[in-house]
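The values are calculated or read from the model by the stated rules, or taken from the named source; none is laboratory data. The structure displayed is predicted, hence computed values, not measured ones. When we count neighbours, we look across all protein chains shown, and the Cβ atoms used for this are built from the backbone with ideal geometry, even at glycine.
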Amino acid sequence: MTIGLPRALAYHRYGVLWETFFKALGGRVVVSPESDPILIAKGESLADSECCLPVKAYLGHLDRLVGNCDYILAPRFERIGKNDEFCVRFWGLSDLARGTFPGVRILSYNLKSHRPDSEVSGFMKMGKTLGKSQIAVLAAYKKAKQAQLTADTRAGVNQRLLLDSPAIKVLVAAPPYILRDPAMGGTLLRLLAREGVTPIFPEACGRAGCRRASKATSQSLYWVMNKEAIGAIELLRPRVDGVILVSAFPCGTDSLVNELVLRREKRLPVIQIILDGQEGEAGLQTRVECFADILKERRRGYA
Amino acid sequence: MLKTVISYPHMGNYAAVFERLFAQLFPRAEVRSPPPITQRTLELGGRHSPDFVCAPFKYNVGNYIEALEAGANLLFQTGTGCRYGHYGELQEQILRDLGYDFRFACLSRENSRPSAALRTLHAAGCQLPAHKIAAALYLALLSIRGLDEMEFWMRENIGFAQSSDRIMAIHRAFLHKVRQADSAAQMMRAIESGRCAMQAIKLDKPEHPLRVGVVGELYTLMEPFSNFNLERQLASDGISVSRAMGIWFLLFGRSDARSLQEGGGYLRYPVGANGVDSVAQSLSYARRGYDGILHLKSFGCIPELNAGPALRALSKREGIPILQMSFDTHSGEVGAATRLEAFVDMIRMRKGA
């Protein structure tokens, strides 16, 4: 039994959970390769032209898995709390996968509440589909949940260590599925490194902390991923030199939330970079260099 | 003290209902609908809104700016569903950054629950007792139902009327009554007389006219300016147009569970806002033998994009043509008209064949 996991979107949040779970059940896990221009181009050809870049990438990843596994995992994510919703895109992922690849066996669960049983019952059902006993599934889920927690904690610690560096530090406020994808955030991170700027990811502050802190920027915000991306601004304000908001064209939630941040953040320098998968590197490089220069000058001014 | 002047964004002809509702809720304030939507509204809205926010946001901002210019100082907004739930906060910020002085009452999401809405109304200066508020709301709902029913009939039949002017006149008279109505009884009489007047219109309807169903995102469907008046173009081509979308439908006619059940399994889960409704309604049109479906949405509308693969599968399996059109603040009108013409020619030839 081989389970395919698309290395896109929620994989960067729940990947360890999924991998550990299916491996603990005795399955073989195939993760699609890192994004590359060919994979993204394939995704673009499969998607509606108006879909956002990460969704196009998601379809590209699914395409790589088709034929290489018995099942492909494509869950639906609605919410993890009353006021913590996923972008409506995530509500449609399962149907999008099923509709774009008819005939492919899709494993799915529906994360639609903050109560733990929403996720557990979803995993129990997947275990049943795979023909495993309830006890084995529950044990695998527990183990997987623990592994994900450990991985999240470790990622947070690693990010916090970076905060002690004397270098210029920039909070890159974006969801992990952009930052961790070499074809999207990868170029930006490379350019930042070249300028000697240390990028800090929002996960340095922990997700729940970020979600609470996002209230300082927006009271009525209800999108989990955006809360987690921008909440860190409030928490890291004294410890970073600037903020880069990274968005993928045409991200629906960012269109509102990033605009609000740009209008409301008065103390830290902020720029917004929109990735559309078409940008020449030269344009991006100019903006990154420019921003890095400003941050360096500011430091010198205050020293 | 400065007189309170209330305003709200436009959508279709519902401004008439809001005008009456707010006049009843705030007897001492002045209620002023924004000027009708024009190209200028759209340009103002587009200039001050984020680039790729969905088009209704831009229309709202344009309406607000023109309302503020006309002297409004208390703006209302609501919000549910996908991005609409977060419109209010950013719109208020944009208008404040432009330097306008106003109060903003946002009845979005949790704030639309009765207790919270009542608090917001009180804070905005509505001093009516609860039963009077309830009566005003009841009248507004009644007007909405009457208006939706009348316009539903008009879409289906105006293309075949000997004199569409007569229909428009009845419609105008009805809107006038909506603006004046004092009691539910009066409103019911107005609805009844409107209904009778419409029934008396002579129609040249062929036995099997071309029929097109319109589905999609709510604002683009309900605000004709935002879709270049496509429904009127269809009607003038002698086509019977059906569209279930309206405020009454949104408030009382829809349920994700039912739409999923009636959606023929093309979607398994709710995909946000009206995505499942689009699929369920399309299937219903297909089964009732309609000749084609128009799927309208604003650019980048996520729920409708989520429904995309399902609609394409439905179109293929049920054998019904579906034309999908996206609108933003700068889509060309001629392009839309040409696509629609081609679509109409195609379904006409299909029917003839």
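Number of residues in the range A:240-270 that are aliphatic (A, V, I, L, M) and over 30 Å from B:Asn306 (Cα atoms): the value is 4. Return yes or no: is B:His86 within 11 Å of another protein chain (Cβ to nearest Cβ), touching a helix residue (DSSP H, G or I) at 6+ places or on another chain (Cβ under 7 Å) and within 26 Å of A:Phe86 (Cα to Cα)? Here the answer is yes, as B:His86 does meet what is asked.
Scanning the range A:107-117 for any residue that is within 14 Å of another protein chain (Cβ to nearest Cβ), touching a Pro at 6+ places or on another chain (Cβ under 7 Å) and small (Gly, Ala, Ser) turns up at least one such residue. Please find, among B:Phe102, B:Phe76, the residue that is modelled with pLDDT of 95 or more, more than 24 Å from the chain's Cα centre (by Cα) and away from every other protein chain (no Cβ under 14 Å). So the residue among B:Phe102, B:Phe76 that is modelled with pLDDT of 95 or more, more than 24 Å from the chain's Cα centre (by Cα) and away from every other protein chain (no Cβ under 14 Å) is B:Phe102. Considering the range A:270-281, the residues that are within 14 Å of chain B (Cβ to nearest Cβ) and outside any loop (DSSP other than H, G, I, E, B) include one that is farthest from A:Arg300 (Cα to Cα), namely A:Leu275. In the range B:230-278, the qualifying residues are those that are outside any loop (DSSP other than H, G, I, E, B) and in contact with a Ser or Thr (Cβ under 7 Å, 6 or more places away or on another chain), and the one that is farthest from B:Lys205 (Cα to Cα) is B:Val276. Of the residues B:Gly159, B:Gly146, the single one that is among the small types (Gly, Ala, Ser), under 14 Å from B:Val241 (Cβ atoms), in contact (Cβ under 8 Å) with a residue 12 or more places away in the chain and buried (at least 21 other Cβ atoms within 10 Å of the Cβ) is B:Gly159.
Residue selection: B:Thr120 fails the criterion of being within 28 Å of B:Gly216 (Cα to Cα) and more than 8 Å from chain A (Cβ to nearest Cβ).
Looking across B:Arg254, B:Arg287, one residue alone is under 27 Å from B:Asn13 (Cβ atoms) and more than 14 Å from every other protein chain (Cβ to nearest Cβ). It is B:Arg254.
Would you confirm whether or not the range B:323-334 contains a residue that is free of Cβ contacts under 8 Å to residues at least 12 places away in the same chain, part of a helix (DSSP H, G or I) and more than 21 Å from the chain's Cα centre (by Cα)? Yes, the range B:323-334 contains a residue that is free of Cβ contacts under 8 Å to residues at least 12 places away in the same chain, part of a helix (DSSP H, G or I) and more than 21 Å from the chain's Cα centre (by Cα).
Based on this model, can you work out whether B:Gly99 counts as assigned by TED's automatic domain parsing to the domain that holds B:Arg40, free of Cβ contacts under 8 Å to residues at least 40 places away in the same chain, out of contact with any Phe, Trp or Tyr (no Cβ under 7 Å at 6 or more places or on another chain) and of a type outside the set (A, V, I, L, M, F, W, C)? Yes; evaluated as a whole, the condition is true for this residue. Screening B:Ala55, B:Ala29 for residues that are assigned by TED's automatic domain parsing to the domain that holds B:Arg119, among the aliphatic types (A, V, I, L, M), out of contact with any Gly (no Cβ under 6 Å at 6 or more places or on another chain) and surrounded by fewer than 21 Cβ atoms within 10 Å (Cβ to Cβ) leaves exactly one candidate, B:Ala29. Look at (1) crowded, with 22+ Cβ neighbours inside 10 Å; (2) within 21 Å of B:Arg83 (Cβ to Cβ); (3) more than 14 Å from chain A (Cβ to nearest Cβ) and you find that B:Gly272 fails only one, number (3). Of all residues in the range A:269-303, count the ones that are of a type in the set (A, V, I, L, M, F, W, C) and without any contact (Cβ under 8 Å) to a residue 40 or more places away in the chain. Qualifying residue count for the region: 6. Only one entry in A:Arg299, A:Arg267, A:Arg263 is among the basic types (Lys, Arg), farther than 26 Å from B:Gly300 by Cα and not in a loop (DSSP other than H, G, I, E, B), namely A:Arg299.
Taken over the range B:55-73, the criterion of being over 23 Å from A:Pro250 (Cβ atoms) and either basic (Lys, Arg) or within 11 Å of chain A (Cβ to nearest Cβ) (or both) is satisfied by no residue.
Is one or more of the residues making up the range A:162-170 of a type in the set (Asp, Glu) and touching a residue at least 60 places away in the same chain (Cβ under 8 Å)? No, that holds for no residue. Remark: pairs (first residue in the range A:132-154, in the same structural domain as A:Thr20 (by TED's automatic domain parsing) and closer than 23 Å to A:Pro202 by Cβ; second residue hydroxyl-bearing (Ser, Thr, Tyr) and in a helix (DSSP H, G or I); Cβ separation under 6 Å; 6+ apart in sequence or on different chains) = A:Ala147/A:Thr20.
The number of residues in the range A:191-244 that are under 18 Å from the mean Cα position of the chain (by Cα) and assigned to a strand (DSSP E or B) comes to 5.
Within 14 Å of chain A (Cβ to nearest Cβ) and touching a residue at least 12 places away in the same chain (Cβ under 8 Å): does that describe B:Ser226? Taking the combined requirement at face value, the residue does not satisfy it. If you go through the range A:242-268 and pick out every residue that is more than 10 Å from chain B (Cβ to nearest Cβ), closer than 12 Å to A:Ile178 by Cβ and among the small types (Gly, Ala, Ser), you end up with 1.
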